[in-house]
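Below is one structure, written out as structure tokens; the observations come after it.
No value in this document is a laboratory result; all are computed from the given coordinates. Here the structure is a predicted model, which means the values were calculated and not measured. Every residue, glycine as well, gets a Cβ built from its backbone with ideal geometry; the counts of neighbours run over all protein chains shown.
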Amino acid sequence: MLVLAAEAGQVHLTSQTRIVAAVLALFFMLMILELIRRDRLQERYSVIWFIAGLGMLAGAAFPGLLEVVANLMGVRNTNVALFSIVLLLLLGLALNFSVIMSRQAAQITRLAQERAIEKALAEKRAEGANGNGASGEEPLEAKEQSL
Amino acid sequence: MRALVFIPAWNEEAAIAGVIADVRKAIPGADLLVVDDGSTDATAERAREAGALVASLPFNQGLGAALQTGYLYALRNGYDVCAHLDADGQHPAEEVARLLAEVTADRADLVIGSRYHAGAVAESGDYRPTFSRRIGTSVFRFFLTLATRQRFTDTTSGMRAANRRVMALFSQHYSPDFAEIESLQLAVRQGLRVEELPVRMLERAGGSSFLTPLRSAFFIFKGLVVLLVGQFRPRHVEAE
């Protein structure tokens, strides 16, 4: 947000906004480190956020960088360039999370299935151990006991 | 030939015992497994009382995951053939026995019980589809036929019998969102012999269908996306 606000001054960022943006970027990266330290964020998911923080820092340190990127994109207004870059980045991140979520959903499902099967098999074995030979025919008592 | 019949069940405490009894009577040689898909009612208890082995998923995962649990169980425990039917009492077990016989005789890898097939005769008390279901059915029928170049009439039938090749495939790849249609497409793409058999189905014994018009529309849309994507999926190499 503050980075965007700083951009309102177009190419000529005041040193004040640059300092604020840099401090914010540093604070952001420290926060990520702290989250990792407290086991609230896994390292493998932190890389992307570190890159984002470094990007913020670079933008604050070298305001000319954004202009170069805007020129490369063929966008005359650096504000538009900044917005588009941030938007695309967030879109990519959101998609990345959906992919991770799908994978984890599949893993959870498989885990649930494995557990259900294991439990059913254990139940079946317990039933056999109770000496109820004829499987399936008169297992009622055995099952009620196990309940 | 060892046969397993499994019944995916989600909150079907009213109907499950009847279905189990029906299966025991019509297919006495088969083992029975009820896959309880995280039911919040007494489905698992009723099933145990009725003498069935119950595999309970810890939370509701959807029909696809429940069916996959059954296929996985059948595969792991060395069953030669398996079959599944709905827990709501719509599927007569004697029809399931016919599907199993078809697979046992090795005339097909996967056999679908079709309620719309030309050979299925309507009797009183038999299944009659609602209007929105008929639309959905014909849409899916058209596109699945297009996708697989094989004629299917009942694409969403939950009454099926399968051999070990199908177990191996479905226990690995089974869409949790759109189990019935995608699995048919997948099986045909894998070069398995999929066959439809006309069967009788009954009206629901308890509970109500989850389909409202809006849901049906969404259901159809989702199904079409799944089919389209499925056409571009890589073919899997068989494990066995």
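As a proxy for reagent exposure, ranking A:Ser98, B:Ser175, A:Ser15 by other Cβ atoms within 10 Å from fewest up yields A:Ser15, A:Ser98, B:Ser175. When each of A:Ile51, B:Ile112 is scored by the number of other beta-carbon atoms lying within 10 Å, the sequence from fewest to most is A:Ile51, B:Ile112. Within chain B, helices built from complete DSSP H runs that reach 18 Å or longer along their own axis (Cα positions) and carry a mean Kyte-Doolittle hydropathy of 1.6 or higher are B:213-230. Applying 1/(1 + (r/R0)^6) with R0 = 22 Å to the Cβ-Cβ distance of A:Leu89 and A:Arg38 gives a FRET efficiency near 0.30.
Taking the Cβ-Cβ separation of A:Ala61 and B:Arg215 as r and a Förster radius of 56 Å, what is the calculated FRET efficiency to the nearest 0.05? So the FRET efficiency works out to roughly 0.55.
Starting from the alpha-carbon convex hull of segment B:3-230, give the projected area averaged over all orientations, in nm².
Computing the convex hull of the Cα atoms and averaging its projections yields 11.3 nm².
Treating r as the C-beta distance of B:Leu146 and A:Thr14 and R0 as 51 Å, the FRET efficiency rounds to 0.20. Approximating the spin labels as points 7 Å out from Cα along Cα→Cβ, the A:Leu72-to-B:Ala42 distance works out to 6.8 nm. What is the distance in Å between the Cα centroid of segment B:76-118 and that of segment B:30-56? Answer, in whole Å: 19.
Magnitude of the charge dipole for segment B:3-230, about its Cα centre and with charges confined to Cβ atoms of Lys, Arg (+1) and Asp, Glu (-1), is about 740 debye. Here each label is just a point 7 Å from Cα along the line to Cβ, and for A:Phe27 and B:Arg134 those points are 6.6 nm apart.
Label separation (A:Arg110 vs A:Ile51): 2.6 nm, computed from points 7 Å beyond Cα along the C-beta direction.
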